[in-house]
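Asks: Mind having a look at this structure? Questions to follow.
Please treat every number below as a calculation from the coordinates, not as lab data. Note that the structure is a prediction, hence the values are computed from the model and not measured. Methodologically, a virtual Cβ is constructed for each residue, glycine included, from the backbone with ideal geometry; neighbour enumeration extends over all protein chains shown.
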Amino acid sequence: MAATIIDGKALAAKLKENVSMEAQTLPRKPGLAVVLVGDDPASRVYVTSKRKDCDECGFYSEEYALPASTAQKELLDLVDGLNGREDIDGILVQLPLPKGLDEKEVLLAIDPAKDVDCFHPFNVGKLVIGEPVFQPCTPGGVMEMLKEYGIDPAGKRCVVLGRSNIVGKPMGMLLLHANGTVVTCHSKTPDMAELAASADILVSAVGKTGLVTGDMVKEGAVVIDVAMNRNESGKLCGDVCYGEAAAKASYITPVPGGVGPMTRAMLMKNTLTAAKLHQGL
Ligand code: GUN
């Protein structure tokens, strides 16, 4: 039977609509500050879309585009200023930062109550103990997709490919909290293909085109492709060989139109959560 395509674009639009309706009930608009350092073209595209999302949701937004030559102290001072602003509920510093800047120190400088990316060690810790304030955007978006399509990770074997702080690690944690049995594979895993082929829910977040071939997908598995790669002809694609995987999967996410829009929608949801917290709601 053909796989059901998980429509991230449609679900993200629905999520943003709900966020926008709730935002209208607040005494003050949620406010998001996005900081971009340097001129990475992919980051530029992401930042522009975040601004558009804020407009759609009726949020106040500010964008800071700083040159790659920005000093660490300058960036920390900017974050510090934003931490103190009453009209700014969320602060997002787009990663990766240019060489020479200390990413860890910058993330640590963001007020945890404004950490809508859920990257601050305080929020990561809260997530690990099962008391999250914010949902990490990409893994949180994946969990929303599973919920929407009635896929319950409880008792399922969940295999996550990739162990980044942004996706792989928090993804495993959310699946674990949802009572999945989680295996995280990485560059030093010798039997990744076999482990992937044993998954009921397979999440790939490596960033390597063609990584997940059809033989790595179990019949009836749910396949979530988090990656956003460019192939030789510049076309956007994920880690998964889509046709081969779709022939065996029960559910599959496309790239584009899968996880990407959900990440953005979750950022809006987190900014709304932050605004409610800051307004004592
Ligand atoms: N770079 C790639 N993904 C993300 C993200 O979700 N947040 C931030 N701040 N930077 C990123």
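Asks: Between Lys276 and Phe122, how many nm apart are label points set 7 Å from Cα along the C-beta direction?
Replies: Modelled inter-label distance: 2.0 nm.
Asks: What nm value, rounded to one decimal, do you get for the distance between Ala154 and Ile129 when each label is placed 7 Å out toward the C-beta?
Replies: 2.5
Asks: Could you sort the peptides 6-13, 78-85 by per-residue average Cβ neighbour count (10 Å cutoff), highest mean leading? It would help to have the intermediate numbers written out before the result.
Replies: Details: 6-13: 19.8, 78-85: 15.6.
In decreasing order of mean packing, 6-13, 78-85 become 6-13, 78-85.
Asks: For the chain, what is the percent of antiparallel DSSP beta bridges, rounded to the nearest 5?
Replies: Working: 2 of 31 bridges.
For the chain, the DSSP antiparallel bridge percentage is about 5.
Asks: So how do 164-175, 234-245 stack up, highest first, on mean other-Cβ count within 10 Å? Before the final figure, lay out each step's value.
Replies: Details: 164-175: 21.6, 234-245: 18.6.
In decreasing order of mean packing, 164-175, 234-245 become 164-175, 234-245.
Asks: Using the basic label-point model (7 angstrom from Cα toward the beta carbon), what is the Asp215 to Leu76 distance in nanometres?
Replies: My value for the distance between the label points is 5.2 nm.
Asks: Follow-up. What is the angle, in °, between the Cα long axis of helix 72-83 and the longest principal axis of the Cα atoms in the chain? Nearest 10 is fine, range 0 to 90.
Replies: 80
Asks: Quick check: residue separation of Leu236 and Ala65 times 0.36 nm, minus the Cα distance between them. What number comes out in nm? Display every interim value, and only then the final one.
Replies: Details: separation 171, 0.36 × 171 = 61.56 nm, distance 2.49 nm.
Contour length minus the Cα-Cα distance gives 59.1 nm.
Asks: I've got another one for you. Determine, for Glu22, Glu194, the number of other Cβ atoms within 10 Å of each Cβ, and report the residues in order from fewest to most. All intermediate terms of the calculation are to be shown ahead of the outcome.
Replies: Details: Glu22 17, Glu194 11.
Lowest count first: Glu194, Glu22.
Asks: Taking only Cα atoms, what is the 0 to 90° angle, nearest 10, from helix 259-278's long axis to the longest principal axis of the chain?
Replies: Once rounded, the angle reads 40 degrees.
Asks: In terms of the ratio Rg/(2.2 N^0.38 Å) built on C-alpha atoms, what value belongs to the chain?
Replies: 1.00
Asks: Run the numbers on region 1-129 and let me know its relative contact order in percent, using alpha-carbon pairs under 8 Å that are six or more apart.
Replies: Computed over region 1-129, the figure is 25 percent.
Asks: While we're here: Distance from a point 7 Å along Cα→Cβ of Asp87 to each backbone N in region 20-54: keep the residues under 20 Å and list them by number.
Replies: 23-36, 50-54
Asks: Can you say what percent of the DSSP beta bridges in region 119-263, counting only those with both residues inside, are antiparallel? Round to 5. Write down the numbers at each step before the final one.
Replies: Details: 2 of 18 bridges.
Roughly 10 percent of the beta bridges in region 119-263 run antiparallel, per DSSP.
Asks: Which order do the peptides 150-156, 137-143 take when ranked by the mean count of other beta-carbon atoms within 10 Å per residue, highest first?
Replies: Values: 150-156: 14.0, 137-143: 26.0.
Top to bottom by mean Cβ count within 10 Å: 137-143, 150-156.
Asks: Sticking with this one: Going by alpha carbons, how many degrees (0 to 90, nearest 10) lie between the helix axis of 41-57 and the longest principal axis of the chain?
Replies: The answer is roughly 70 degrees.
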